[in-house]
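Scroll down for the structure; my scribbles are underneath it.
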């Protein structure tokens, strides 16, 4: 067996993951910590966030939790400051936090639209902006978590699809602008992942819970571990030549 040119090992790296208290964010944080990274878990839910960080530490990882409401710009700058004060560097940013708004165009209020865009689209921009000096120093990596909903829309999903499509374009623009600093920026577009958020979304939309079983039988329902594996590759040195890429991780559902 040949040895990889570059390892997937993240030892010595400091990673920030937003929306890390549960679901995809927690799955990514767990995998990165297992690969040696020091992980700062960011979430607005303090109870779940502290529990998630404790879980990682109990498993032998290096992790801490920082509470932040990503709809508030001051909270984002404070979060980055706290990470740098604690760890003195930042190598990898994973913009994962997101909120859903399953309403039609006629039902969405201005406040709802603005909040949704603030969390899903403005926050990743502000996180990168606040972390930029540290990322330049580390020749770091940014991974944005979008969705196949940005590529294959379904209704009512206007705000979510729009924000996630914007994140794809932001990824490409950032990758181009930050290339001279050797900062890589890529984007993952997961499909259906078995998370609490997916279960809640199905319930809110009034869908039959059996849709999850159907997705599973079709081979389209994925685990957070599968998303975390793809994320690990993209932030690792093994992917050192990959930037500005949009990677779909959906077990082929978008092709059906």
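The values are calculated or read from the model by the stated rules, or taken from the named source; none is laboratory data. Just so you know, these numbers come straight off a predicted model, no measurement behind them. In this analysis, Cβ positions are derived from the backbone assuming ideal geometry, glycine residues included, and neighbour counts consider all displayed protein chains.
Annotations
Condition check ((1) surrounded by 18 or more Cβ atoms within 10 Å (Cβ to Cβ); (2) in contact with a helix residue (DSSP H, G or I) (Cβ under 9 Å, 6 or more places away or on another chain); (3) modelled with pLDDT of 95 or more) across all residues:
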{"site": "5", "(1), (2), (3)": "no, yes, no"}
{"site": "48", "(1), (2), (3)": "no, yes, yes"}
{"site": "56", "(1), (2), (3)": "yes, yes, yes"}
{"site": "63", "(1), (2), (3)": "yes, yes, yes"}
{"site": "71", "(1), (2), (3)": "yes, yes, yes"}
{"site": "77", "(1), (2), (3)": "no, yes, yes"}
{"site": "86", "(1), (2), (3)": "no, no, yes"}
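- Some residue of the stretch 205-224 being surrounded by 16 or more Cβ atoms within 10 Å (Cβ to Cβ), assigned to a helix (DSSP H, G or I) and modelled with pLDDT of 85 or more: yes
Okay, residues lined up against (1) over 12 Å from residue 41 (Cα atoms); (2) over 20 Å from the mean Cα position of the chain (by Cα):
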position: 60; (1), (2): yes, yes
position: 76; (1), (2): yes, no
position: 89; (1), (2): yes, no
position: 96; (1), (2): no, no
position: 100; (1), (2): yes, no
position: 105; (1), (2): yes, yes
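- When the stretch 246-256 is limited to residues that are in contact (Cβ under 8 Å) with a residue 60 or more places away in the chain and part of a loop (DSSP other than H, G, I, E, B), the one that is surrounded by the fewest Cβ atoms within 10 Å (Cβ to Cβ) turns out to be 251.
- Members of the stretch 166-204 that are assigned to a loop (DSSP other than H, G, I, E, B), surrounded by fewer than 18 Cβ atoms within 10 Å (Cβ to Cβ) and at pLDDT 95 or above: 182
- Here residue 26 qualifies as in a helix (DSSP H, G or I) and at pLDDT 95 or above.
- Lone qualifier among 234, 143 - being part of a helix (DSSP H, G or I), in contact with a strand residue (DSSP E or B) (Cβ under 9 Å, 6 or more places away or on another chain), modelled with pLDDT of 95 or more and buried (at least 19 other Cβ atoms within 10 Å of the Cβ): 234
- Set 174, 101: member being in contact (Cβ under 8 Å) with a residue 24 or more places away in the chain and out of contact with any strand residue (DSSP E or B) (no Cβ under 6 Å at 6 or more places or on another chain): 101
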